[in-house]
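In what follows, a structure is listed as C-alpha cells, so that the remarks can point back to it.
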Amino acid sequence: MNSVTVIGLGPMGQAMAHTYLDSGYDVTVWNRTAAKADDLVARGARLAPSVEAAVTANDLVVLSLTDYDAVYAILEQAPAAAFAGRTVANLTSDTPDKARKAAAWLAERGAVQITGGVQVPPPLIGKEGAETYYSGPEDAIETHRAALEVLTGIDHLGEDPGLAALFYQIGMDMFWTGLVSYLHAQAVAEANGISAERFLPNAVKTMDFRYFLEYYAPRIAAGNHEGEVERVAMGVASMEHVLHTVEASGVDGSLPATVLDLFRRAAAEGHGEDSLTRLIEVLKR
Ligand code: NDP
C-alpha cells in the first residue's frame with residue numbers, strides 16, 4: 001500500500017492528508033495541536049505519538065507549516081538518525097535562503113529535501129490543474145512523483161533547493177501588489193458610488209496583463225528599453241491624474257504615490273523618453 005507522512009495540519013496540511021486518504025494512501029500525521037488530527041484519524045489516518053515516529057513511519061515526509069521556524073521547532077524534536085534515507089517534501093513557504101539552509105540541515109542527517117511552493121489554495125489540492133513549484137534533486141522527485149502528483153501537478157524548476165521558494169516569492173510579489181491594486185481601485189470606485197458588481201467586468205479586463213507581459217519580456221531580455229509605444233514621462237503624467245482622482249475621492253493615495261515616485265525617479269535619472277521597462281534598472285539599484 002502507498003504510504004506517506006504529513007506533518008502540519010493547518011488548512012493546507014489538512015487538505016493534503018484528506019486527499020491522500022481519498023487516494024487510498026496509508027497516512028501518518030503529526031501536528032503540534034494533536035486535536036487537529038481528529039477528523040483524519042476518524043477516516044483511518046494514524047496519529048504518530050512523536051515527531052520521531054512520524055518521520056520514521058514513511059520514506060516520504062510532507063511538511064506543511066507556517067514557516068521554517070516551525071519546521072525546526074518540530075524536526076529538532078526527532079534524533080538526527082530518524083532522518084536517514086528519508087525524502088522531505090517541504091511545502092512550507094519561506095525565503096530561498098531558508099529553504100537552502102533546511103536542505104543542508106536535512107542533508108547532514110542523511111535526508112533529501114524537495115522544496116515546494118504550492119500554487120493553489122487548500123480546496124484545490126488534488127484537483128485538476130493544481131500545481132506546485134518544486135526544486136531539488138531530480139531523482140528524488142522522480143522517486144516520489146506519483147505521491148506528489150496526488151496533491152498537485154509538478155513544475156520542477158531545477159536542482160537548487162532555493163529555486164522553488166524564489167519563484168514562489170516573486171509570484172507573491174506580483175500577487176499581493178496586484179490584488180491590493182484591485183482593492184485600492186475598488187475603494188475609489190465605492191467612494192464614487194460604483195459597486196463591486198458594477199466594476200467587476202472592467203476590473204477583470206484591466207487585470208489581464210498577459211498582452212503587456214508578452215510584449216515586454218522579449219524586449220527586457222534583449223535590453224531594449226526604447227519608448228516607441230509608451231514612455232516613463234507618460235507614466236508620470238498618468239499617475240498624477242490617478243493620484244489627483246484618488247485624493248479627490250477621499251481615498252488613501254499612498255499606493256499610487258509610491259508608483260508616481262518611482263516614475264519620477266526614473267524620469268529624473270534621464271529616462272523620461274524610455275519605455276517603462278527602464279524601471280527594472282531603477283529598482284535594482
Ligand atoms: P498555517 O499557518 O495555518 O499552518 C499552520 C501549521 O503550522 C499548523 O500545523 C501549526 O500547528 C504549525 N505551526 C506553526 N507554528 C508552529 C510552531 N512554532 N511549532 C509547531 N508547529 C507550528 O498555514 P496553512 O496550513 O494555511 O499553510 C501551510 C503552508 O502552505 C504555509 O507555508 C503557506 O504559506 C503555504 N500555502 C498556503 C496556502 C493557503 O491558501 N493556505 C496556499 C499556498 C501555500 P498548530 O496546528 O499546532 O498551530
In nanometres, the difference between 0.36 nm per residue of separation and the alpha-carbon distance of residue 81 and residue 204 is 39.0 nm
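Would you calculate a helix-derived [θ] at 222 nm for the chain, using -39,500 (n - 2.57) for each DSSP H run of n ≥ 4 and dividing by the full residue count, to the nearest 500? Working shown, then result.
Values: 13 runs with 146 residues, N = 285.
Taken over the chain, the calculation gives -15500 deg cm²/dmol.
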Answer in debye to the nearest 20: the dipole magnitude of the chain about its Cα centre, from +1 Lys/Arg and -1 Asp/Glu charges placed on Cβ, is 380
Qualifying GluC sites (Glu not before Pro) for region 205-281 [loop in DSSP, other Cβ within 10 Å: at most 11]: 228
Percent relative contact order for region 167-284, counting Cα pairs under 8 Å at least six residues apart, stands at 28
Put +1 on the Cβ of each Lys and Arg and -1 on the Cβ of each Asp and Glu in region 3-159; which of 136, 121, 45 then has its Cα farthest toward the positive end of the dipole? 45
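Given +1 on the Cβ of Lys and Arg, -1 on the Cβ of Asp and Glu, and no further charges, what dipole in debye does region 110-255 carry about its Cα centre, rounded to the nearest 20? Intermediate results must be reported in sequence, preceding the final value.
Numbers: 7 positive and 20 negative charges, 75 e Å.
That gives region 110-255 a dipole magnitude of about 360 debye.
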More than 23 Å apart: what percent of Cα pairs in the chain qualify? 63
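Per residue, how big is the convex hull of region 164-223 when only Cα atoms are used? Give it in Å³. Please report the intermediate quantities before stating the final value.
Details: hull volume 6.3 nm³, N = 60.
Value for region 164-223: 105 Å³ per residue.
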5 Å is the cut-off here: which amide hydrogens, built 1.01 Å from N in the peptide plane, fall below it relative to residue 274, excluding neighbours closer than 5 in sequence? 232, 233
Expected vector for region 9-21, Karplus 3J(HN,Hα) from phi with 6.51, -1.76, 1.60 and θ = phi - 60°, integer Hz, x for Gly and Pro, equals 10, x, x, 6, x, 4, 4, 5, 5, 5, 5, 5, 4
Normalized C-alpha radius of gyration of region 167-284, against 2.2 N^0.38 Å? 1.14
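Throughout, read-outs are computed from the coordinates displayed, never taken from laboratory work. Predicted model, so just to flag it, every value in this text is computed and none were measured. Cβ coordinates were reconstructed from backbone atoms using ideal geometry, including for glycine residues, and neighbour counts include every protein chain displayed.
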